[in-house]
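Taking it in order: structure first as structure tokens, then the write-up.
The values are calculated or read from the model by the stated rules, or taken from the named source; none is laboratory data. Here the structure is a predicted model, which means the values were calculated and not measured. Glycine gets a Cβ as well: all are built from the backbone with ideal geometry, and neighbour counts include every protein chain shown. Side chains included, ligands, DNA and RNA excluded: accessible areas come from the protein's heavy atoms. Shrake-Rupley method; radii C 1.70, N 1.55, O 1.52, S 1.80 Å.
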Amino acid sequence: MAPAKSSFLFDLDGTLVDSVYQHVLAWHEALVGEGISLSIWRIHRRIGMSGGLLVNMLLRETGFELDPARIDRISRVHADAYRRRVVDVRPLPGARELLSALTEAGIPWAIATSGRMETAGPVLGKLGLSPNEHVIVTRDEVRHAKPDPDLFVAAAERLSVEVSASTVVGDSVWDMLASRRARALGIGLLSGGYGTEELERAGAYRVFEDPADMLAHLDEIGGRS
């Protein structure tokens, strides 16, 4: 029986593009607009999960009423605030080169992001990626986002690979928890602000600084043709 082929399922924000703090500030602006005062560090700890769940958890922490209209309004304002900041977002070091190396080696890869296409679209272009040419799964396409495994399961299905034989690459504990629930291997990157121990406790079997560091060790983690 032939061994399962390697494949990689990437998160987007904080993993391939340096956009975590733009998202944090956009969420902060949206919350302040609703009269909700919350420390920025608390918002950062929730980045990586679905926007709806993020707002639910933050409102629960502050004791504000979980009104569906308010949650939807906050999410819409966040999207608008993020789009104003997206001009400052850049690919992380080695991101383009890592994806190119996998492509050249014939190793399947996909992107699975908790963001919706309205916020993911502009930064995908900065990586030279298009939903028409690459496998990209967004929050719009699944019932539940991270820490549920739906995004990674859907991405593996689109690649026609077994998710349990795939490696999830992400920068947050929510990525690692989702990878464990999908029974995939998890690789953590420090480029989103979480620490090595946090990522390892959540399930990462290797942790690298950023995509460039991961690329330098690609042959150690199943990245050979």
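Here are the numbers for this structure:
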read-out	value
Cα-centre dipole for segment 1-135 with unit charges at Cβ (Lys and Arg positive, Asp and Glu negative), debye to 20	80 debye
Charge dipole of the chain about the Cα centre (unit charges at C-beta), most positive-ward option of Tyr194, Ala212, Trp174	Trp174
Expected 222 nm ellipticity per residue - DSSP helices of 4 or more, -39500 (n - 2.57), all of the chain, to 500	-13000 deg cm²/dmol
Dipole in debye (nearest 20) - the chain, about Cα centre, beta carbon charges: Lys, Arg +1; Asp, Glu -1	340 debye
Candidates per GluC sites (Glu not before Pro) in segment 64-134, loop by DSSP, up to 11 other Cβ within 10 Å	Glu65, Glu133
Positive minus negative residues near Pro93 (Lys, Arg vs Asp, Glu; Cβ under 13 Å)	-3
Per-peptide average of other Cβ atoms within 10 Å, ordering 24-32, 179-187 highest first	179-187, 24-32
Accessible-area composition of the chain, carbon plus sulfur, in percent [1.4 Å probe]	48 percent
Dipole magnitude (debye, nearest 20) for segment 91-225, charges at Cβ of Lys, Arg, Asp, Glu	320 debye
Residue (of Gly52, Gly121, Val137) at the positive-pole extreme of the chain, dipole from beta-carbon charges	Gly52
Protection proxy ranking, peptides 79-90, 144-155, average beta carbon neighbours within 10 Å, highest first	144-155, 79-90
Gain on full stretching of the segment that runs from Val32 to Met57 - 0.36 nm per residue minus C-alpha separation	7.4 nm
Between helix 117-126 and the chain: long-axis angle, C-alpha atoms, 0 to 90°, nearest 10	50 degrees
Overall form of segment 87-195 per C-alpha gyration tensor (a/c, 1.5; a/b vs b/c)	rounded
